[in-house]
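The values are calculated or read from the model by the stated rules, or taken from the named source; none is laboratory data. Please read these numbers as outputs of a predicted model, since none were measured by experiment. Cβ coordinates were reconstructed from backbone atoms using ideal geometry, including for glycine residues, and neighbour counts include every protein chain displayed.
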Amino acid sequence: MDLMINKNAVRSVPQAIPIPASADILSYAVAQCELGNVLVARSGKGVCSILLGDSASELTADLASRFPQSTIIEDESLVDDDMAKVLRYIKNPSDGLHLTLDMRGTPFQRRVWEKLKAISVGRTVSYTEFGRWISPITHPRAIARACAANPIALAVPCHRVVRSNGDMASYRWGLERKLELLRKEAAV
């Protein structure tokens, strides 16, 4: 059998140009609130960071360190709606905080963060109990580490996790903020 190939049919196919990691663009804004300053950042997929702190420069530096491969642009117009929801939640948490999220972390962290969203406003749960929600063998310290790595404060409510005896454990955004959030949520 003779195989005939038309020379005109053989063409080079252009190679796909890889998209550089820096194509990940995050827009953010900072506002003052009852808890100090709040930074809200979003990607094209959703809110990827809500940070609480004392100064805008501190929060901006924190955002840059959490997303070193991203291009970060201050643009209030792109996060205006998300910021309004966050500020409304801080003033009155009764309605909850409903945002489209872009959760970035390890598979274990994302599983913890997803489960944290199931803790209702006004409720707290211990690290041990919460660990059992993930797996019967999950260690409370693993939960604490995932909470500490959470870049989406408030929408992923790690402030609702406490020690087994009910005492407040440390909080990435400050123990005073945790106490204030829990006080406001308990009043709901």
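A few remarks follow.
- Taking every residue in the range 44-61 that is farther than 12 Å from Thr100 by Cα and outside the structural domain of Ala148 (by TED's automatic domain parsing) and pairing it with any residue that is of a type outside the set (A, V, I, L, M) and at pLDDT below 95, at least 6 positions away or on another chain, the pairs with Cβ-Cβ distances below 8 Å are Leu51/Trp173; Leu52/Trp173; Leu52/Gly174; Leu52/Arg177; Gly53/Trp173.
- Subset tally (residues that are closer than 27 Å to Leu26 by Cβ, modelled with pLDDT of 90 or more, crowded, with 18+ Cβ neighbours inside 10 Å and not charged (D, E, K, R)) for the range 145-188: 14
- Meets criteria (charged (D, E, K, R) and in contact with a helix residue (DSSP H, G or I) (Cβ under 7 Å, 6 or more places away or on another chain)) for Arg111: yes
- Restricting attention to the range 124-161, the residues that are of a type in the set (Gly, Ala, Ser), touching a Ser or Thr at 6+ places or on another chain (Cβ under 8 Å) and free of Cβ contacts under 8 Å to residues at least 24 places away in the same chain add up to 1.
To keep it simple, each residue is scored yes or no on (1) more than 17 Å from the chain's Cα centre (by Cα); (2) not hydrophobic (A, V, I, L, M, F, W, C).
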| position | (1), (2) |
| --- | --- |
| Asp82 | no, yes |
| Tyr89 | no, yes |
| Leu99 | no, no |
| Arg110 | no, yes |
| Glu114 | no, yes |
| Pro136 | yes, yes |
| Arg141 | yes, yes |
| Ala144 | no, no |
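- Check on Asp80, on the phi < 0 side of the Ramachandran plot, acidic (Asp, Glu) and free of Cβ contacts under 8 Å to residues at least 24 places away in the same chain: no
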